[in-house]
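Novice: Below you will find the structure I want to go over with you.
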Amino acid sequence: EAVRDASVTAKIKAKMALDDLVKARTIDVTTDGTSVTLSGRVHSNDERDRAVRLARETEGVQQVVDRLRIEP
């Protein structure tokens, strides 16, 4: 289970790192089974929405908990 969680987390972080809108280094990703929690800072609603969408589109993710704070 821990290996699968780490794999999902790594996939999401990789997607964010490759995305032009999302600043991956300010977002923490925690995976617990099929649930992913995003926390940290984003600069806009667009960045928040994109980060949540990237997580939701990742294989194995059924729920995304959004704890991101907007700090322009």
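Novice: Does the stretch 35-72 hold any residues that are closer than 23 Å to Glu1 by Cβ, part of a strand (DSSP E or B), among the hydrophobic types (A, V, I, L, M, F, W, C) and touching a Leu at 6+ places or on another chain (Cβ under 8 Å), and which are they?
Specialist: The answer is Leu38, Val64, Val65.
Novice: Step by step: first the residues of the stretch 14-34, then only those that are basic (Lys, Arg) and in a helix (DSSP H, G or I), then the one that is farthest from Ile70 (Cα to Cα). Which residue is that? Step through it out loud before you land on a result.
Specialist: Our first condition is that a residue be basic (Lys, Arg); within the stretch 14-34, this holds for 15, 23, 25.
Add one more test, that the residue is in a helix (DSSP H, G or I), and what stays is 15, 25.
Working: Lys15: 20, Arg25: 15 Å.
Ranking the candidates gives Lys15 first.
Novice: Which residues, taken from the stretch 1-60, are open to solvent by 60 Å² or more (accessible area, probe 1.4 Å), touching a helix residue (DSSP H, G or I) at 6+ places or on another chain (Cβ under 9 Å) and among the aliphatic types (A, V, I, L, M)?
Specialist: Ala17, Leu18, Leu21
The values are calculated or read from the model by the stated rules, or taken from the named source; none is laboratory data. The structure displayed is predicted, hence computed values, not measured ones. We place every Cβ from the backbone using ideal geometry, glycine too, and count neighbours over all the protein chains shown. Side chains are part of the model used for accessible areas, which takes the heavy atoms of the whole protein and leaves out ligands, DNA and RNA. Shrake-Rupley method; radii C 1.70, N 1.55, O 1.52, S 1.80 Å.
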